[in-house]
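*Asks:* Before anything else, here's the structure in question.
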Amino acid sequence: MIQIDNVSKSFHGTQALDHLQMHVPKGAIYGLVGPNGAGKSTIIRHIVGAYRPDEGEILIDGENIRENASIKEKIAYIPDEIFYFAQATTLDMMHYYKGLYPSFDEQYFYKICKCFPMLNLKKPIRSFSKGTIKQVAFVLALSIHPALLVLDEPVDGLDPVMRRQIWSLIMGEVADRGTTVLVSSHNLRELEDVCDHIGILSHGHIILERSLDNLQSSVTKVQVAFDGDLPPIPEGLQVLHSVTNGRVSTLILKGQPREAQEKMAALHPLLLDVLPLSLEEIFIYEMEGEHYEVKNILF
Amino acid sequence: MKSKTSFFNKTIYKKNLTRFVAFPLLYFAFLFISMSCNMLVNRLNMQKSPDAYIQTLKTHQDLYEGVMNRNVPIFVAIYMILVTLAVFSYLYQRRSCNMMHAFPVNRKIMFSTGIASILTLTLLPQLAVTLINTILYLVFGAGSLVWIPWYWMLCMIAYDLCFLGIALFTAMISGQLITNFIFYWIFNFMFMAAEVVIRVLLSFLCFGVYSSDIYRNKLLCMTPSAYLPHHTGIYINDATYRIYHILPEALPTLLVYALVGIGLAGLAYLLYQHKALETCGDFIAVPFMKPVFTLGMTFFASLLATVGIGYALTNLLSENETVFFISIMILCLGIGVILYFIIQMLIDRTRHVWKRRYMKYCCIYTGVIFAFLLCVRFDVFGIERQVPTASDVFEVDMTMGETTYALTDADEIADFISIHKEIINEKEELLDYSRHCSEPYGFLDISYHLKDGSSLSRSYRLPDYAGKSEAYQNTCQKLLSLFNDKDAILTHGISKNYAELQAEDVTFYPFDAPDDGSEEKTYTNAQLQNLYEAFVQDIKEGNYKITDLDASAPCYSDSFALVLRSPEPILLDRTKYSFYYTGRSSLSLFTNYVSVTGALSPVSKMAVAEETKEAVAANGDMTAHLYIHPTPDCTHTLQAMIDMGMITNTDDLTLSTAGEVYMFTDE
């Protein structure tokens, strides 16, 4: 869906994007993570066609996004700082979106508005709370039935109930229409429930880009206890991280969980448990394996 | 729904019209009240005065003025920048800028739809008022003049396109709303302002150039707000108010400025296509404009500041030109360096501008302005030596004291030009008197009116020639010979028909007279005529000097004013140009119509010259006023004064010198 090749961008002498390579498969929910200043919002603005790269190209469905109105019709974008016309109501913005996007579904718009009972369609949007303003943005964006939904820090400011509601609607779009979703965040915990692809951005380039399955199948956390000292780890298993407390050792191993369990079981430990790994933990240890300064990347 | 037309988006267009509907409503209200209502109320009031009403019906001057009083480009300029700022306001805030460009419209459509919106918001109120005014003209019986409101509308269209182009151009250059507004006015007035500042600076540094010359803007055409009123108006005959002509250059001028506006809009479109949106919020959004703006503004601002401080120093450092020049130079360079870094801070939004790169540019600026000032000081540009050739001159007006002669004869002009060149050659001797002169001096003001319609002016302080170089004394003698020539005094100083004039009144101003008017006397017509004829006789015998540069020359402090009546209107030599050089400032932005002004093009000047001459001939002044300081040589005049009882004898008069009576001194 999105192919970014060798994109670079600098602002006032600062290199914001540095030969960035990124690929978002069609139908994926892609989480773009990175610390503040990594370049998340910058690359997103390139993807939606607002910025132009100094070099490289950005293809959406095989077409260059630059000044391409037909491709933009398929993209719904919710930025971190949302813009509405002064004194515009939700209905005003609905009419505006309807005029710009041929695929805008007015019936669907009213349908999902019912999911947000606090939303007053005739009141100026600027009088709403931050969370409600975001709700309006989601309602408008989803009513377009976009092929690509681009979200920059999307649920920031929403209460947990509303977050669930929003993600539920997005998942519905993904399931029903195969919508591709690109969501940027600096919070891995938030994304791990929804994303199936992850890309980590640091200093303007992608340092890691994997599907979640691939990630989860490539790192395993086991807790083992032996009678004596910890024996040598079997070949084929790389220890990314190890912590020993008395007889109990917690190991982060590079490799598939089943294979790691079988190999560790062959050592006849007193205790062997395969523990769930959070996305955050996976990346911390994966980054250590990649010899990155983790403290420079994670949060 | 997206429009099928590739240059237009109906949704954005409608949104612009609804969001900014207040602009055309307010503009319409302004035009309606100031034009239509004004005309209606004036006409209704006028009907209460039958005589005035009948007179008005003959010319409909009130209706003409009611429309053309609003043929003022500056109002359009103000409105256009406000509307453009509103429609393109999304470019100046990051969130709106990113969002608008993420919508499924490309920049071409956004730009052209924006223009369509602006023109709709501007033309609709203008058109509505034009229709209303047309109805008023018809209702009030001015059907033959109904073309005037539509000519006004045509002017508005041209002004709209012109100022829209400028507004769009500055909109694409700047990254902030407020800087767009500032840049817009800079672009509108920078040529005129720069010319004024440079002329004032030249008046400080150049021999013979004075600040009174600052209103001869040669670059006025680069300032549409000031140029257009003078060149797109409707000429009316001041004397009769019956003739309405569109100025010959009006339609071409409107077309040119409209095309310039369209061209600037095209340039703005190219800038928009390449505009990097991350420059939103920057002082200047286009990289190549940064050094241009920095150096240009620094140059101009430092000259402006120098001029301001220079005025204050003029009196303090007036006695030595070298010291004055060095002071000006130091001021200009110092202020310039400071301003350069201040402007750089504004552009880069940081105080840390002490970098090698900026230092390099600062040195370049300093070098340029240093060289500029030196070139001006040593007349490398030939400003001081600029004197037209006689064949190019239509008329030269030379003024000393209160006397102005207009020379139109080719030989006289050539003679005068050679005298002018001699004065220039004596610069070294005269320079130190330019700013301060502790001895008596006279002013020589020169205005050359060239055949191409342009003019050149100079002014010199000429000190008392006693004790000066032989060359200077010779020059003064030649100049005084011109002014004090018998025929010149009679025909230029009095009138061509001096022999036909009848004296009808005189007022004597004795030097030591009481202020209570107790010495006022009345005289018979015969006595008055005798006095005048005696004065003429003195002129013919070469006894009278209208001006002098010999401060020690004897002269009476007493004077008298003669009122002379002519049997027909007095036509001065300067008729053709005197009405065009009225001293009216071409900086006026609120000219609403043209009768005759100093800023008319040569085409218009010649076109109205004959008509005005006839009007003046029909309605010109029938009297001349002479103010005479007799000298001891004016024997006939003095005798006539005694004969009529104005004085008992010459002892009643106070003998003084020319230096006291009609020369100046700065002490």
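The values are calculated or read from the model by the stated rules, or taken from the named source; none is laboratory data. Note that the structure is a prediction, hence the values are computed from the model and not measured. Reconstructed Cβ throughout: ideal geometry from the backbone, glycine too, with neighbour counts over all protein chains shown. Each accessible area value is taken on the protein alone, full model and side chains, heavy atoms only, with ligands, DNA and RNA left out. Shrake-Rupley method; radii C 1.70, N 1.55, O 1.52, S 1.80 Å.
*Asks:* Quick check on segment A:207-221: of everything there that is of a type outside the set (Ser, Thr, Tyr) and open to solvent by less than 30 Å² (accessible area, probe 1.4 Å), which residue is farthest from residue A:250 (Cα to Cα)?
*Replies:* Only one residue tops the list, namely A:207.
*Asks:* With the requirement that a residue be of a type in the set (A, V, I, L, M) and either surrounded by 14 or more Cβ atoms within 10 Å (Cβ to Cβ) or at pLDDT 80 or above (or both), what does segment B:304-322 give you?
*Replies:* Matches in segment B:304-322: B:304, B:305, B:307, B:309, B:313, B:317.
*Asks:* Can you find, within segment A:222-245, the residue that is least open to solvent (accessible area, probe 1.4 Å) among those that are under 13 Å from residue A:270 (Cβ atoms) and outside any strand (DSSP E or B)?
*Replies:* Only one residue tops the list, namely A:226.
*Asks:* Given the conditions (1) more than 7 Å from chain B (Cβ to nearest Cβ); (2) more than 28 Å from residue A:130 (Cβ to Cβ); (3) exposed (fewer than 15 other Cβ atoms within 10 Å of the Cβ), report the number of the one that residue A:36 does not fulfil.
*Replies:* Condition (2) is where residue A:36 drops out.
*Asks:* Only one residue in B:267, B:254, B:277 is out of contact with any Cys (no Cβ under 6 Å at 6 or more places or on another chain), in contact (Cβ under 8 Å) with a residue 12 or more places away in the chain, at negative phi and open to solvent by less than 20 Å² (accessible area, probe 1.4 Å). Which one?
*Replies:* B:254
*Asks:* Being in contact with a Gly (Cβ under 6 Å, 6 or more places away or on another chain) and either aliphatic (A, V, I, L, M) or crowded, with 19+ Cβ neighbours inside 10 Å (or both) is the requirement here; does residue B:328 meet it?
*Replies:* For residue B:328, the condition - in contact with a Gly (Cβ under 6 Å, 6 or more places away or on another chain) and either aliphatic (A, V, I, L, M) or crowded, with 19+ Cβ neighbours inside 10 Å (or both) - is met.
*Asks:* Here is a further query. Residues being closer than 22 Å to residue A:80 by Cβ and buried (at least 16 other Cβ atoms within 10 Å of the Cβ): count how many of those fall in segment A:1-17.
*Replies:* 7
*Asks:* Any chance you could count how many residues in segment B:48-60 are open to solvent by 50 Å² or more (accessible area, probe 1.4 Å) and either in contact (Cβ under 8 Å) with a residue 60 or more places away in the chain or not in a loop (DSSP other than H, G, I, E, B) (or both)?
*Replies:* Here the count works out to 7.
*Asks:* Could I ask something else about it? Identify, by number, the condition in (1) within 25 Å of residue B:204 (Cβ to Cβ); (2) open to solvent by 80 Å² or more (accessible area, probe 1.4 Å); (3) assigned to a helix (DSSP H, G or I) that residue B:375 doesn't meet.
*Replies:* Going through (1) within 25 Å of residue B:204 (Cβ to Cβ); (2) open to solvent by 80 Å² or more (accessible area, probe 1.4 Å); (3) assigned to a helix (DSSP H, G or I) one by one, residue B:375 breaks only (2).
Here's the yes/no breakdown for (1) within 11 Å of chain B (Cβ to nearest Cβ); (2) not aliphatic (A, V, I, L, M):
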residue: A:98; (1), (2): yes, yes
residue: A:131; (1), (2): no, yes
residue: A:135; (1), (2): no, yes
residue: A:140; (1), (2): no, no
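*Asks:* Now for a different question. Only residues that are surrounded by fewer than 19 Cβ atoms within 10 Å (Cβ to Cβ) and more than 9 Å from chain B (Cβ to nearest Cβ): list them for segment A:82-92, please.
*Replies:* The answer is A:91, and nothing else.
*Asks:* OK, next. Among the residues of segment A:104-122, are any touching a residue at least 24 places away in the same chain (Cβ under 8 Å), part of a loop (DSSP other than H, G, I, E, B), away from chain B (no Cβ under 14 Å) and among the basic types (Lys, Arg)?
*Replies:* Yes, some residue in segment A:104-122 is touching a residue at least 24 places away in the same chain (Cβ under 8 Å), part of a loop (DSSP other than H, G, I, E, B), away from chain B (no Cβ under 14 Å) and among the basic types (Lys, Arg).
*Asks:* If I ask for residues that are surrounded by fewer than 21 Cβ atoms within 10 Å (Cβ to Cβ) and touching a residue at least 40 places away in the same chain (Cβ under 8 Å), which ones from segment B:116-132 would you list?
*Replies:* Selection gives B:116, B:119, B:120, B:124, B:128, B:132.
*Asks:* Quick one: how many residues across segment B:635-653 are surrounded by 14 or more Cβ atoms within 10 Å (Cβ to Cβ) and in a loop (DSSP other than H, G, I, E, B)?
*Replies:* Summing the residues that are surrounded by 14 or more Cβ atoms within 10 Å (Cβ to Cβ) and in a loop (DSSP other than H, G, I, E, B) in segment B:635-653 gives 4.
*Asks:* Can I ask one more? Out of all the residues in segment A:51-78, which are surrounded by fewer than 23 Cβ atoms within 10 Å (Cβ to Cβ), within 23 Å of residue A:135 (Cα to Cα) and facing chain B (nearest Cβ under 7 Å)?
*Replies:* Selection gives A:73 alone.
*Asks:* State the number of residues belonging to segment B:387-410 that are buried (at least 17 other Cβ atoms within 10 Å of the Cβ) and in contact with an Asp or Glu (Cβ under 6 Å, 6 or more places away or on another chain).
*Replies:* Residues in segment B:387-410 being buried (at least 17 other Cβ atoms within 10 Å of the Cβ) and in contact with an Asp or Glu (Cβ under 6 Å, 6 or more places away or on another chain): 3 in total.
*Asks:* When segment B:75-103 is examined, which residues are found to be facing another protein chain (nearest Cβ under 9 Å) and not hydrophobic (A, V, I, L, M, F, W, C)?
*Replies:* Those that are facing another protein chain (nearest Cβ under 9 Å) and not hydrophobic (A, V, I, L, M, F, W, C): B:90, B:93, B:94, B:95, B:96, B:98, B:101.
*Asks:* Going by the structure shown, is residue B:528 more than 24 Å from residue B:235 (Cα to Cα), crowded, with 17+ Cβ neighbours inside 10 Å and modelled with pLDDT of 50 or more?
*Replies:* It is true that residue B:528 is more than 24 Å from residue B:235 (Cα to Cα), crowded, with 17+ Cβ neighbours inside 10 Å and modelled with pLDDT of 50 or more.
*Asks:* Could I ask something else about it? List every residue pair whose Cβ atoms sit under 7 Å apart, with the two residues 6 or more apart in sequence or on different chains, where the first one lies in segment A:42-60 and is assigned to a strand (DSSP E or B) and the second, anywhere, is modelled with pLDDT under 90 and not β-branched (Val, Ile, Thr).
*Replies:* Every condition considered, the pairs that remain are A:60/A:1.
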